[in-house]
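Structure first, then comments.
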Amino acid sequence: MKNTSLTQKHISLGAKMVPFAGYNMPVSYSGLNDEHATVRNAVGVFDVSHMGEFILKGDKALDLIQKVTSNDASVLTDGKAQYSCLPNNDGGIVDDLIVYRIDEKTYLLVVNASNIEKDWNWISSHNTFGVEMKNISEETSLLAVQGPKASETLQKLTDVKLADIPYYSFAKGKFNGIESVIISNTGYTGAGGFELYFKNEDAEQIWDAIFEAGKEFGIKPIGLGARDTLRLEMGFCLYGNDIDDTTSPIEAGLGWITKFTKDFTNRQAIEKQKTEGVSKKLVGFEMIDRGIPRHDYPIADANGTIIGKVTSGTQSPTLNKAIGMGYVQKDFAKADTEIFVMIRDKAIKAKVCKIPFLKK
């Protein structure tokens, strides 16, 4: 089990620790509902240092990124970031990721913790361009400071004008006296906020400074449990649940990050799906009858015929109702379609709805 630079900090704060993607990670501190509400209403801090970071550098860095990712990274300018995915050769997804353009010849790729080695090998196998690749995952810490009071909290610690950083943009600057911290207007909660990338040795100092700055807003540490309920309310896909090696970007509703203006891995097959349609689609749904949908529960129609399965599900703390996402046959993918989630062999009524569940 690997630790992040802040593992001892989490333990001292009384966090409940669990193994996650090979790391010893905090799943909760004060309780899921409390942590969830803290992020939605004020400000919370996630240690997500288990995520992977790769630097791609050289004259052909963009060419390699264009080859392996589905989105069009050529539109990025310095200080811009982009959500994308790595398609595989079989129509599925190797991983989803964020691509950051540092400068014309330097890019930062941020990948999921469980896929670091897989992604590295995949991108390396396509590196016929002589691009210099460096895996900086082990030396990089990452904090997600999220919530409506995140900006006010962090602004106390930097001269970088946070209000001037648009969504999916970033700045590199001094933070709490530490040089070259990447301050990125991104996050996985839909509550607003920033993600900070810095060296491991600065982790405790930065963590302590953020908690001091956010004290007046009731800042709290947040675990992976609330991270999951927050992202699900926004309908954000989680790799390994809602997308994986067998699900295509088109089936997953990720057509918006799949650009056919360039060539990329398995483009033809994915473009064919886009043109001809797919047999299954990822949908959001809310429970009408009592019951909480869980990963891999079957989804049935009114006659009891299995038409799909749940990929993510929870009791939404904000909406106070059970919600989920899952793949269903395309005939059942329209909003307001009645479906049934099989919970312990009982058909529990639900209805398909548009995502995000939480409307701004």
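No lab work stands behind these numbers, since they all come straight from the coordinates. A quick note: this is a predicted structure, and the numbers were derived from the prediction, not measured. Because the Cβ atoms are built from the backbone with ideal geometry, glycine has one as well, and the counts that use them run over all protein chains shown.
Can you name the residue in the range 149-164 that is without any contact (Cβ under 8 Å) to a residue 60 or more places away in the chain and surrounded by 16 or more Cβ atoms within 10 Å (Cβ to Cβ) and is also nearest to His50 (Cα to Cα) among such residues? Step through it out loud before you land on a result.
Filtering the range 149-164 down to residues without any contact (Cβ under 8 Å) to a residue 60 or more places away in the chain leaves 151, 154-164.
So of that shortlist, the ones also surrounded by 16 or more Cβ atoms within 10 Å (Cβ to Cβ) come out as 151, 154, 157-158, 160, 162.
Working: Ser151: 23, Leu154: 22, Leu157: 24, Thr158: 25, Val160: 26, Leu162: 25 Å.
Checking each candidate, the answer is Leu154.
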Every pair of residues 6+ apart whose Cβ atoms lie under 7 Å, when the first sits in the range 284-310 and is buried (at least 17 other Cβ atoms within 10 Å of the Cβ) while the second is of a type in the set (Phe, Trp, Tyr) and part of a loop (DSSP other than H, G, I, E, B): Gly284/Phe357; Lys309/Tyr297; Val310/Tyr297
Count of the range 295-318 residues which are under 13 Å from Ile348 (Cα atoms), part of a strand (DSSP E or B) and small (Gly, Ala, Ser): 1
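Does the range 343-360 hold any residues that are of a type outside the set (Val, Ile, Thr) and part of a strand (DSSP E or B), and which are they? Steps first, answer last, please.
Taking the range 343-360 and keeping what is of a type outside the set (Val, Ile, Thr), we get 344-347, 349-351, 353-354, 356-360.
Residues satisfying the conditions are Lys346, Ala347, Lys349, Ala350, Lys351, Cys353.
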Residue within the range 226-233 that is of a type in the set (S, T, N, Q), under 23 Å from the mean Cα position of the chain (by Cα) and either over 30 Å from Leu32 (Cβ atoms) or outside any loop (DSSP other than H, G, I, E, B) (or both) present: yes
The range 226-256: number of residues that are crowded, with 20+ Cβ neighbours inside 10 Å, in contact with a helix residue (DSSP H, G or I) (Cβ under 8 Å, 6 or more places away or on another chain) and under 21 Å from Lys359 (Cα atoms): 3
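Checking the conditions here, which among Ile292, Ile270 is more than 21 Å from Leu230 (Cα to Cα), in contact with a strand residue (DSSP E or B) (Cβ under 9 Å, 6 or more places away or on another chain) and either hydrophobic (A, V, I, L, M, F, W, C) or part of a helix (DSSP H, G or I) (or both)? Break it down stepwise before answering.
Details: Ile292 fails: more than 21 Å from Leu230 (Cα to Cα).
Residue meeting the stated conditions: Ile270.
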Positions within the range 11-63 being more than 27 Å from Ser84 (Cβ to Cβ) and without any contact (Cβ under 8 Å) to a residue 60 or more places away in the chain, in sequence order: Ile11, Ser12, Gly14, Met17, Pro19, Asn24, Gly31
The range 96-121 - residue that is hydrophobic (A, V, I, L, M, F, W, C) and touching an Asp or Glu at 6+ places or on another chain (Cβ under 8 Å) and, of those, farthest from His50 (Cα to Cα): Ile102
Residue that is surrounded by the most Cβ atoms within 10 Å (Cβ to Cβ), among those in the range 257-274 that are under 30 Å from Phe357 (Cβ atoms) and either among the β-branched types (Val, Ile, Thr) or within 22 Å of the chain's Cα centre (by Cα) (or both): Thr258
Leading residue by the ranking (farthest from Thr229 (Cα to Cα)) among those in the range 295-335 that are more than 21 Å from the chain's Cα centre (by Cα) and polar (S, T, N, Q): Asn303
Within the range 174-215, tally of residues that are free of Cβ contacts under 8 Å to residues at least 60 places away in the same chain, β-branched (Val, Ile, Thr) and either crowded, with 19+ Cβ neighbours inside 10 Å or part of a helix (DSSP H, G or I) (or both): 2
Residues of the range 39-78 satisfying the condition of being more than 19 Å from the chain's Cα centre (by Cα), farther than 17 Å from Phe170 by Cβ and hydroxyl-bearing (Ser, Thr, Tyr): Ser74
